[in-house]
Amino acid sequence: MTERLLDISGLHTGYDGVAVVRDLELHVDPGEVVALLGPNGAGKTTTLMTISGLVQILEGSVSVMGRPVPKLRQAQRVARWGVTHVPENRGVLFQLTVRENLLLAKTRGRVDLDRAVEFFPALGPLMSRRGGLLSGGEQQMLALGRAIVAEPKLLMVDEMSLGLAPVIYEELMPVVRRIADETGAGVLLVEQHVDLALEVSDRGYVLNHGDLVMSGPAAELLANRALLDASYLGVESLE
């Protein structure tokens with residue numbers, strides 16, 4: 001049986017002892033894309049930061065490849081287990097070139113820059129350009145390219161489409177599916193563009209005000225208009 005990459009059980013997490021997410025159950029297996037959806041303020045980013053070891057676990061458990069994430073914040077340890085987190089601000093180092101950003105993504109072993117260019121050919125001619133001079137779309141390609149270079153076992157992507165023109169994020173979204181299919185990594189995707197996210201996902205979870213209100217196969221969730229209304233508008237009920 002394939003080992004589960006991420007297993008969350010009864011998770012309560014938040015800030016200053018106050019739970020923002022309550023009693024969350026969620027899992028990600030190798031080679032699958034899982035969408036984590038919901039209105040702004042639902043607790044999606046907090047969940048990713050908790051998995052990364054950046055936010056303290058209040059109750060419950062988070063396991064990555066069978067290893068429990070410490071309740072006290074220990075992000076460096078979790079990263080060494082193969083967890084790569086692409087935050088909504090992309091994390092690009094503006095003063096470094098594209099090449100330098102990619103080289104920093106991996107701390108051990110050979111760095112395969114060609115792998116990033118294979119997924120994002122537009123990065124090839126930009127290797128000598130500083131990160132701060134890239135367009136928003138190019139910065140997002142670089143952020144995802146860094147993740148690919150790091151060879152993650154679990155990749156978490158937070159709001160990939162933020163600040164991008166529709167034509168750009170519509171091109172980038174299928175790459176998330178390709179990363180899972182070709183590398184075997186599990187992907188946990190937080191995204192406001194619900195229909196696009198579910199089209200590339202295997203399963204989805206919906207948070208509303210910190211509570212898990214719906215989960216299931218992506219195709220079933222995509223067919224549910226109540227889900228789309230809740231995700232885009234933040235309505236009070238999904239019923």
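Coordinate-derived values only; no laboratory data. All values derive from a computational prediction rather than experimental measurement. Note: ideal-geometry Cβ built from the backbone for every residue, glycine included; neighbour counts use all protein chains shown.
Computed from point charges on the beta carbon alone (+1 for Lys and Arg, -1 for Asp and Glu), the dipole magnitude for the chain about its Cα centre is near 1220 Debye. Taking Cα centre as origin and charging only the Cβ of basic (Lys, Arg, +1) and acidic (Asp, Glu, -1) residues, the dipole magnitude of region 91-151 rounds to 180 debye. If you find the alpha carbon centre of region 91-120 and of region 1-72, how far apart are they in angstrom? With region 91-120 and region 1-72 each reduced to a Cα centre, they are spaced 27 Å. In degrees, nearest 10, range 0 to 90: what is the angle between the Cα axis of helix 166-183 and the longest Cα principal axis of the chain? On a 0 to 90 degree scale, this one is about 90. Result for the chain in a Gaussian network model with C-alpha springs under 10 Å: among Pro39, Pro125, Pro70, the largest mean-square fluctuation is at Pro125.
The coefficient of translational diffusion for region 91-151, derived via Stokes-Einstein from the alpha carbon Kirkwood radius under 10 °C and 1.306 mPa s, stands at 144 µm²/s.
P(r) tail for the chain: Cα pairs beyond 23 Å make up 47% of the total.
With r defined as the distance between the Cβ atoms of Arg130 and Arg67 and R0 fixed at 35 Å, what FRET efficiency is calculated, to the nearest 0.05?
Numbers: r = 37 Å, r/R0 = 1.05.
The computed FRET efficiency comes out at 0.40.
Straight-line cross-link reach from Lys106 at under 21 Å between alpha-carbon atoms covers these lysines, not counting any fewer than eight positions away in the same chain: Lys153.
Report the net charge of residues surrounding Ala219, where surrounding means a beta-carbon distance below 11 angstrom and charges are Lys +1, Arg +1, Asp -1, Glu -1.
Net charge in that neighbourhood comes out at -2.
Run the reach check for Lys71 against lysines, Cα to Cα strictly under 20 Å, same-chain hits fewer than 8 apart removed. What comes back? Excluding near neighbours in sequence, the set is Lys44.
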